[in-house]
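Below is one structure, written out as structure tokens; the observations come after it.
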Amino acid sequence: MANRYSNTSIYNIATKLGRLSFPFYGTTKYPEVPLSTSDIYAITTDGDRLDLLAQQFYGDSTLYWIISIANPDKINMSSLFILEGTEIRIPQNISSIVNQFYLLNNT
């Protein structure tokens, strides 16, 4: 699985003495995920995780964030885990969402 921070900017800040401090990650910006008639709704089962669902539906586990952003009231963005029995929306038209992500993050 790819590093989920691979599209995040890394910065080094110079200290007052001119030395570089430790690197830190910038903020990743995510696009809105609009409702669509092609969206799939699923009820999670034991063992479901966002990365596994992204692999199943999109063929790419790194796109877990699309499912997370599409379900802000049901999924915690800081976790890949989902409670069993949760109904979630799985967007199907992801190409425009991914393109918007790259535009927002200058990648």
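The values are calculated or read from the model by the stated rules, or taken from the named source; none is laboratory data. Treat the numbers as computed from the prediction; the structure is a model and nothing was measured. FYI the Cβ positions are ideal-geometry reconstructions off the backbone, even for glycines, and counts take in every protein chain you see.
Looking at this structure, is I75 modelled with pLDDT under 95 and closer than 18 Å to D46 by Cβ? Yes, satisfied.
Note on the stretch 48-102: residues that are basic (K, R) and within 19 Å of L35 (Cβ to Cβ) amount to 2. Summed over the stretch 66-102, residues that are outside any loop (DSSP other than H, G, I, E, B) and without any contact (Cβ under 8 Å) to a residue 60 or more places away in the chain total 14. Looking only at residues in the stretch 65-96 that are closer than 11 Å to P31 by Cα and under 11 Å from the mean Cα position of the chain (by Cα), the one that is surrounded by the fewest Cβ atoms within 10 Å (Cβ to Cβ) is I69. If you go through the stretch 40-54 and pick out every residue that is of a type in the set (S, T, N, Q) and surrounded by 15 or more Cβ atoms within 10 Å (Cβ to Cβ), you end up with 1.
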